[in-house]
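Read the figures in this text as sums done on the coordinates, not as results from a lab. It should be emphasised that the depicted structure is a prediction, and the values quoted were computed from it without experimental measurement. Here Cβ is always computed from backbone atoms with ideal geometry, including for glycine, and neighbour counts include all displayed protein chains.
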Amino acid sequence: MASMRLEVVFEDHTPHKWRVPLKEDVFGAFMAKGGLVMHKVFGNKSLFGPLLFKKFFDPSDAFPLWEFEPGVLLADLQNPCVDWFQTEACYVLKTELPDIEKSSIRVYVENGKVMEISGLWNHKGESRASPDWQSGKWWERGFVRRLELPENVDWKKTEAHVNNDTILDIRLPKLQQNVTLREG
C-alpha cells in the first residue's frame, strides 16, 4: 500500500479563515451550477459535504464527531465515504478523498480542541500558495471539515497519511493514563 505522510500543523498562520459561513441556501445555489468534481467534494457521502450528518451543518463549524457512532449518524447513507472508530490506543478517522491534488490537503489541530482538514479542489485564478481563499467564499475554491477533539487525545502526536492516493487516514493517540500501583 502506497502511503504519503501529511504534516500535521499545530500553529495557525491564517487566523481569519472560515469567517464567511456556508449557509444552506448559498450551498444549494452553488451545487446547482456545479460539476462532477464539486459533487464529489461536497456530496452527502463526503466528509466535507454539509449534508453528511442528515441535516445541513456548515463544515467550517466544529462538529463533535466522536460523540456519535458512525452506524447511527450515517445510517441513512449507503456506502458512506467516511468512517471513524476508536481502539484502546487511539481514535481513527478514515475518509475517501475526492479526485483532487493530494498536496493541497492540510491537517491542523487548533489549541488541542479542534482538528481541521482542508484543501483545494479548484485551482483557477489564484496561486495555490495563497491562503486568501479561506477568508472569503472558501467553498468556491476549497473544502474544510472541522471536528471537535475528545478530551483524552494526545493531540501533539496526531498522524495523518494518504493511502493509495484515495484514503485519508488520521490517527489521534489517546493520552496515557498514569496508573500508580501501591504495594501493601
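Quick notes on this one:
- The set of residues in the stretch 133-170 that are in contact (Cβ under 8 Å) with a residue 40 or more places away in the chain and part of a loop (DSSP other than H, G, I, E, B) comprises 136, 137, 149, 150, 158, 164, 165, 166.
- Some residue of the stretch 21-33 being closer than 17 Å to residue 167 by Cβ, within 16 Å of the chain's Cα centre (by Cα), in contact (Cβ under 8 Å) with a residue 60 or more places away in the chain and surrounded by 14 or more Cβ atoms within 10 Å (Cβ to Cβ): no
- Options 27, 53, 57; residue that is more than 18 Å from residue 148 (Cβ to Cβ), of a type in the set (Phe, Trp, Tyr) and not in a strand (DSSP E or B): 27
- Of the residues making up the stretch 1-24, those that are assigned to a loop (DSSP other than H, G, I, E, B) and of a type in the set (A, V, I, L, M) are 1, 2, 20, 22.
- Condition met for residue 24 (under 30 Å from residue 154 (Cβ atoms) and of a type in the set (Asp, Glu)): no
- Test: residue 24 is out of contact with any strand residue (DSSP E or B) (no Cβ under 7 Å at 6 or more places or on another chain) and closer than 24 Å to residue 112 by Cβ: no
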